[in-house]
Amino acid sequence: MSMGKCKKKRKESKWRRWNSKDRSAFNHILGDLTKDPTVLSMKQYMQHGTTSTYEHCVSVARVSYKLDRLLHTECDKKALLRGAMLHDLYLYDWHDPTSHDKLHGYHHADKALSNAKTHFNIDRKEQDIIYSHMWPLNLTRIPKRREAWVVCMADKYVSIRETLHRRG
Ligand SMILES: [Fe+2]
Ligand SMILES: [Fe+2]
């Protein structure tokens with residue numbers, strides 16, 4: 001095997017890796033939050049295709065964790081994962097036009113942030129993650145810290161993956 005192929009294989013396996021240590025770190029930080037009734041209520045709303053908003057948020061948290069490891073961004077893991085898990089806590093069916101009064105794409109980050117503040121004690125980093133996750137659609141909300149950048153990128157990746165999977 002050539003050196004290039006070998007390096008590529010190592011990178012891929014680092015990206016794909018999800019071992020018991022990763023699982024326990026992930027569950028240690030997010031365990032209680034993923035079982036909270038308000039967070040669980042995201043299971044009743046569809047995000048993309050057959051993926052619920054809850055599943056979408058778990059995927060974004062997991063991809064954020066992996067991206068942080070791959071890019072060596074050394075994020076605050078607690079803020080990263082909690083922000084990712086709550087980033088779409090808008091709590092309505094965006095496919096139903098009567099469920100919300102403003103354009104979903106532009107305004108759901110505000111609703112998610114408001115709900116997250118109401119139901120959870122979220123810190124400044126977690127607030128920033130939720131507030132800026134829709135950049136560049138929300139053009140002026142440029143992520144201001146590494147945790148917000150990582151979740152913003154993870155959200156795009158997961159959303160594209162879910163949308164393509166639906167059509168695949
Ligand atoms: Fe969103
Ligand atoms: Fe999202």
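Determine, yes or no, whether THR34 is of a type in the set (S, T, N, Q), at pLDDT 95 or above, surrounded by 11 or more Cβ atoms within 10 Å (Cβ to Cβ) and within 15 Å of the chain's Cα centre (by Cα). Yes. When region 121-137 is filtered for residues that are more than 10 Å from ligand 1 (Cβ to nearest atom), over 19 Å from THR38 (Cα atoms) and surrounded by fewer than 18 Cβ atoms within 10 Å (Cβ to Cβ), the ones remaining, listed by number, are ARG124, PRO136. Every listed requirement among (1) of a type in the set (Asp, Glu); (2) farther than 16 Å from ASP155 by Cα; (3) within 14 Å of ligand 1 (Cβ to nearest atom) is met by ASP88 save one, (2). Looking only at region 69-79, decide whether some residue is surrounded by 15 or more Cβ atoms within 10 Å (Cβ to Cβ), within 16 Å of ligand 1 (Cβ to nearest atom) and over 15 Å from MET153 (Cα atoms). No, every residue in region 69-79 fails to be surrounded by 15 or more Cβ atoms within 10 Å (Cβ to Cβ), within 16 Å of ligand 1 (Cβ to nearest atom) and over 15 Å from MET153 (Cα atoms). Within the set THR98, THR118, the sole residue that is at pLDDT below 95 and either surrounded by fewer than 18 Cβ atoms within 10 Å (Cβ to Cβ) or assigned to a helix (DSSP H, G or I) (or both) turns out to be THR98. Residues considered: LEU91, LEU80. Of these, the only one that is part of a loop (DSSP other than H, G, I, E, B), within 15 Å of ligand 2 (Cβ to nearest atom) and in contact (Cβ under 8 Å) with a residue 40 or more places away in the chain is LEU91.
The values are calculated or read from the model by the stated rules, or taken from the named source; none is laboratory data. Remember, predicted model here, so these are calculated numbers, not experimental data. Every residue, glycine among them, receives a Cβ derived from its backbone with ideal geometry; neighbour counts consider all protein chains shown.
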